[in-house]
Amino acid sequence: HLRQMIDTLVSRFGATRIEIMDEMVNVDADHFDVLVERLAHHDVAYDFPNGMRADRVKPHHLKAMAGHITTLSVSAESGVQRIVDSVVDKRLDLSTIEETVKEATALGIPTLVHFIIGMPGETKADINETLDYAVRLNDEYGAWPAVQFATPLPGTRLAGDTQAAV
């Protein structure tokens, strides 16, 4: 279905640029491989505005995206490994954020890194460490930081953690 959808957008509707709004676009490696391959087949410009998992963006993906993607957007959530592990429960080694940003920059792909501050259990020192990390990635690689405040939705684990902390 994915191949057919991209083929239809380009062949039937004449799309020259495609925005893929999928917050889990590269969680399934096979899905992402097919998507990147099909976009390369049509030689169209595209972007994934939602932050991807940096640990699932492989060098061959970056090479295929170079020249087609405006900005590689990845999600760190925090610049503090303890927060990523125990609060966000993301199972992401922060070193993969820097590796991916570094590789993308070397290929001429601008990057944006998403961060969330104000998580339950996060201290002022943690917030400052996240902001320092974001600034360092910008200084060293030109990665734009996208910093948002945690906004717990009612009924979620995050909202429960926030209420328990009050």
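The values are calculated or read from the model by the stated rules, or taken from the named source; none is laboratory data. Source: prediction; values computed, not measured. Neighbour counts run over all protein chains shown; Cβ positions are idealised from the backbone, glycine included. Surface areas here come from the heavy atoms of the whole protein model, side chains and all, with no ligands, DNA or RNA. Shrake-Rupley method; radii C 1.70, N 1.55, O 1.52, S 1.80 Å.
When the GluC sites (Glu not before Pro) in region 11-71 are filtered for DSSP coil states and for at most 14 other beta-carbon atoms within 10 Å of their beta-carbon, the remaining sites are Glu23.
Given R₀ = 41 Å, what would the calculated FRET efficiency be for His41 paired with Asn128, taking r from the Cβ atoms and rounding to 0.05? Display every interim value, and only then the final one.
Values: r = 45 Å, r/R0 = 1.11.
Step by step, r from the Cβ atoms, then E = 0.35.
Let me check I've understood the local charge: for Asp30, count other residues with C-beta under 15 angstrom from its C-beta, Lys and Arg +1, Asp and Glu -1. What total comes out?
On the way: positive: Arg3, Arg38, Arg53, Arg56, Lys58; negative: Asp22, Asp28, Asp33, Glu37.
Summing Lys/Arg as +1 and Asp/Glu as -1 gives +1.
Extension gain for the segment Ser11 to Glu99, taken as residue separation times 0.36 nm less the Cα-Cα distance, is 28.1 nm to one decimal. For region 89-153, the list of trypsin sites (Lys or Arg not before Pro) that fall in a loop by DSSP and count at most 15 other C-beta atoms within 10 angstrom reads Arg91.
Which of His42, Pro154, Leu112 sits closest to the plus end of the dipole of the chain, meaning its Cα is farthest towards the positive end, when Lys and Arg get +1 and Asp and Glu get -1 on the C-beta? Of the candidates, His42 comes out farthest on the positive side.
What 222 nm value per residue comes from the helices of the chain, counting each DSSP H run with n ≥ 4 as -39,500 (n - 2.57) and dividing by all residues, nearest 500 deg cm²/dmol? Before the final figure, lay out the partial values.
Working: 6 runs with 70 residues, N = 166.
So the helix-based figure for the chain works out to -13000 deg cm²/dmol.
Structural size metrics of region 7-72, computed from C-alpha coordinates, are Rg and Dmax of 11.3, 35 Å. Measuring nothing but how far apart in sequence close Cα pairs (under 8 Å, 6+ apart) lie, relative to its length, the chain scores a relative contact order of 18 percent.
Stretch Ala146-Glu19 to full length: gain in nm at 0.36 nm per residue minus the Cα-Cα span?
Values: separation 127, 0.36 × 127 = 45.72 nm, distance 1.87 nm.
Full-extension gain reported as 43.9 nm.
Let me know the whole percent of all Cα-Cα pairs from region 35-75 that are separated by more than 17 Å. In whole percent, the share of Cα-Cα pairs in region 35-75 beyond 17 Å is 22. Once the Cα atoms are used to define both axes, helix 124-141 deviates from the longest principal axis of the chain by about 30 degrees.
Here's the list of lysines a cross-link from Lys102 could span, going by alpha-carbon distance under 16 Å and ignoring same-chain residues fewer than 8 apart: Lys58, Lys63.
Magnitude of the charge dipole for the chain, about its Cα centre and with charges confined to Cβ atoms of Lys, Arg (+1) and Asp, Glu (-1), is about 300 debye.
Carbon and sulfur atoms: what percent of the 1.4 Å accessible area of the chain do they account for?
Details: 5100 of 9120 Å².
On the chain, the fraction of accessible area on carbon and sulfur atoms equals 56 percent.
Pairwise alpha-carbon distances in region 80-166 exceed 23 Å for 28% of all pairs. Please list, by residue number, everything in region 63-83 whose backbone N is under 18 Å from a paramagnetic label point 7 Å out along Cα→Cβ of His31. It comes to 73-75, nothing else.
Accessible surface comparison of Asp132, Asp7, probe 1.4 Å, protein chains only, largest first: the order is Asp132, Asp7.
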